[in-house]
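K.L.:
I'd like to ask you about the structure that follows.
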Amino acid sequence: MNFNVLFIDDDAFMLKALLIIGKRLKPDWHFFGCEHSSEWLKVAKDIAPLDLIICDYQMPEMNGEQVLFQAKTACPTAVRVLLTGDISEEMLKKAVQFSHHIVGKPFSEQDILRVFESVIQFKRKPFDTAIFN
């Protein structure tokens, strides 16, 4: 199965690292990057259907929470993942409202691989988008 994955991170180095990791782990998937959170929706429309969105939390234009809340409506079947250095209980409680997974920073390739594997499981099973969101 081929999947379309969008990484959103305002840190160009981190974005490049995510793209490299993605291509190394899943060479048959399609990976895209967006450095400006305010432009993510335009990029997403150009690569639809989108299967996975991995988004940094702290960004200047829109934070990851705002992006992933938009994604719930704009890309209802995409798995939404938040990247954050804040793995506090408060953040976890908040993040379950807009993301399916949370990956803490710093992360390993194994953390990203686990996300990819969960996407495969989600996409193999038919699901009700009302429940999924």
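The values are calculated or read from the model by the stated rules, or taken from the named source; none is laboratory data. Here the structure is a predicted model, which is why all the values come from computation and not from measurement. Counting neighbours? That spans all protein chains shown, and the Cβs are built from the backbone with ideal geometry, glycine included.
K.L.:
Could you please find all residues in segment 42-65 being part of a helix (DSSP H, G or I), under 13 Å from the mean Cα position of the chain (by Cα) and farther than 17 Å from Asp11 by Cβ?
P.N.:
Across segment 42-65, the qualifying residues are Ala44, Glu65.
K.L.:
When segment 25-47 is examined, which residues are found to be over 21 Å from His101 (Cα atoms) and either out of contact with any strand residue (DSSP E or B) (no Cβ under 7 Å at 6 or more places or on another chain) or at pLDDT 95 or above (or both)? Before you say what the answer is, go through the steps one by one.
P.N.:
As a first pass, look at segment 25-47 and keep what is over 21 Å from His101 (Cα atoms): 27-28, 36, 38-39, 42-43, 45-47.
Hits for segment 25-47 are Pro27, Asp28, His36, Ser38, Glu39, Lys42, Lys45, Asp46.
K.L.:
Also: For Phe69, work out the one condition from (1) assigned to a helix (DSSP H, G or I); (2) touching a helix residue (DSSP H, G or I) at 6+ places or on another chain (Cβ under 8 Å); (3) closer than 20 Å to Phe122 by Cβ it doesn't fulfil.
P.N.:
Phe69 satisfies all of (1) assigned to a helix (DSSP H, G or I); (2) touching a helix residue (DSSP H, G or I) at 6+ places or on another chain (Cβ under 8 Å); (3) closer than 20 Å to Phe122 by Cβ except (2).
K.L.:
Let me ask you something else. Please state which of the following conditions Thr84 fails to meet, knowing it meets all the rest: (1) touching a Phe, Trp or Tyr at 6+ places or on another chain (Cβ under 6 Å); (2) in contact (Cβ under 8 Å) with a residue 40 or more places away in the chain; (3) more than 17 Å from Val5 (Cα to Cα).
P.N.:
Of everything listed in (1) touching a Phe, Trp or Tyr at 6+ places or on another chain (Cβ under 6 Å); (2) in contact (Cβ under 8 Å) with a residue 40 or more places away in the chain; (3) more than 17 Å from Val5 (Cα to Cα), Thr84 misses just condition (2).
K.L.:
Determine if segment 8-22 includes at least one residue that is of a type in the set (Phe, Trp, Tyr) and without any contact (Cβ under 8 Å) to a residue 24 or more places away in the chain.
P.N.:
Scanning segment 8-22, I find at least one residue that is of a type in the set (Phe, Trp, Tyr) and without any contact (Cβ under 8 Å) to a residue 24 or more places away in the chain, so the answer is yes.
K.L.:
Name every residue in segment 98-124 that is within 13 Å of Thr84 (Cα to Cα), assigned to a loop (DSSP other than H, G, I, E, B) and in contact with a helix residue (DSSP H, G or I) (Cβ under 6 Å, 6 or more places away or on another chain), in order of residue number.
P.N.:
Answer for segment 98-124, where residues must be within 13 Å of Thr84 (Cα to Cα), assigned to a loop (DSSP other than H, G, I, E, B) and in contact with a helix residue (DSSP H, G or I) (Cβ under 6 Å, 6 or more places away or on another chain): just Ser99.
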